[in-house]
Amino acid sequence: MNALLRPCQILFWFVCALPALTACSVIPANSPVAKPALVQTPVFAGNSAVDGSQDGWWRVAYHLRWEEGEEPSWHMDALIAHQVVKPILEQVGGEIKIWRFHRRAVRDASGHRFSFLFYCSNTTAKKLYHLLEHNDIVAALKRQGMIERLSFSDINTNKQPGIGDTSDKAWSVVLQQAWPYFVMGVSQTWLALIDKVEEKKRVDEALHTTDQVARYKESNDQVTKLWEQQGGHAFLHHLNALFGYQALFVYERKRARY
């Protein structure tokens with residue numbers, strides 16, 4: 001976002017999760033975004049015992065090629081989210097209580113990593129691990145070196161059984177427990193924006209991987225432009241309105257990225 005921020009208080013809360021998401025496989029186009037089930041009463045606690053019914057947080061991460069001296073290929077996040085994760089959500093989304101995306105690119109051992117996190121039973125997590133790895137599009141992107149590797153949280157150890165266990169530990173416990181519902185909604189919105197942009201295109205069913213990558217670069221650019229030009233009112237203003245237009249502290253002197 002290009003807005004200037006005052007050093008003390010502003011009236012907007014920057015939405016944190018919305019910046020910047022095969023060979024010759026046919027990719028279905030224009031399928032609708034899965035409609036999420038209504039949120040049930042939150043479960044705020046758990047234990048580390050692993051059995052088929054024990055809920056917890058699980059992560060599948062796609063580590064993407066990032067050439068030295070180049071910008072991260074953020075459009076690969078959009079491609080994977082829309083062409084890999086979305087169909088799986090349509091298939092088994094009813095078994096997932098909460099989910100979200102996480103995007104990052106830092107010059108370290110993890111590099112450019114796109115993650116899908118989900119809160120569900122161990123049994124469902126095993127099913128999702130299989131679907132998210134053994135996928136024609138993922139296989140094609142790996143063959144072409146666009147996906148370098150996948151990583152998974154340990155399926156045999158439920159290290160994050162609480163609903164707030166993936167939230168920032170610097171926050172209050174109340175916020176840690178409530179935030180996953182917020183970021184799931186943000187993730188759904190970002191995925192829906194990609195889907196709506198894609199709907200407007202006339203897609204050739206025989207497009208190869210390289211054509212798909214180029215198309216998602218264009219789609220990602222369009223979503224980014226929507227964020228830059230309309231996000232202030234569509235997201236920040238309406239989020240602030242939900243909190244009664246109360247001010248909050250932002251410790252930035254100029255342009256802000258979160």
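The numbers here are math on the coordinates, done by the rules we state, and not lab data. It should be emphasised that the depicted structure is a prediction, and the values quoted were computed from it without experimental measurement. Cβ atoms come from the backbone with ideal geometry, glycine included; neighbour counts cover every protein chain shown.
Please rank Asp108, Asp136, Asp77, Asp55, fewest neighbouring Cβ atoms within 10 Å first, as an exposure proxy. Could the numbers behind the result be given before it?
Numbers: Asp108 8, Asp136 14, Asp77 27, Asp55 21.
Least crowded to most crowded, the residues run Asp108, Asp136, Asp55, Asp77.
Quick check for me: using +1 on Lys/Arg Cβ and -1 on Asp/Glu Cβ, what's the dipole size of region 40-209 about its Cα centre, in debye to the nearest 20?
Values: 20 positive and 21 negative charges, 33 e Å.
Using only the charged Cβ atoms, the result is roughly 160 debye.
Here are some pairs, Lys126/Lys201; Lys86/Lys217; Lys86/Lys159; Lys86/Lys225; Lys97/Lys159; which of them have Cα atoms lying more than 28 Å apart in this structure?
Violating the 28 Å limit, Cα to Cα: Lys126/Lys201.
Using +1 at the C-beta of Lys and Arg and -1 at the C-beta of Asp and Glu, which of Asn156, His134, Leu191 has the Cα lying farthest in the positive direction of the dipole of region 122-211?
Going by the Cα projections, it comes out as Asn156.
If the cut-off is 20 Å between C-alpha atoms, which aspartates and glutamates fall inside it for Lys127, apart from same-chain ones fewer than 8 positions away?
Asp51, Asp55, Glu90, Glu95, Asp136, Asp154
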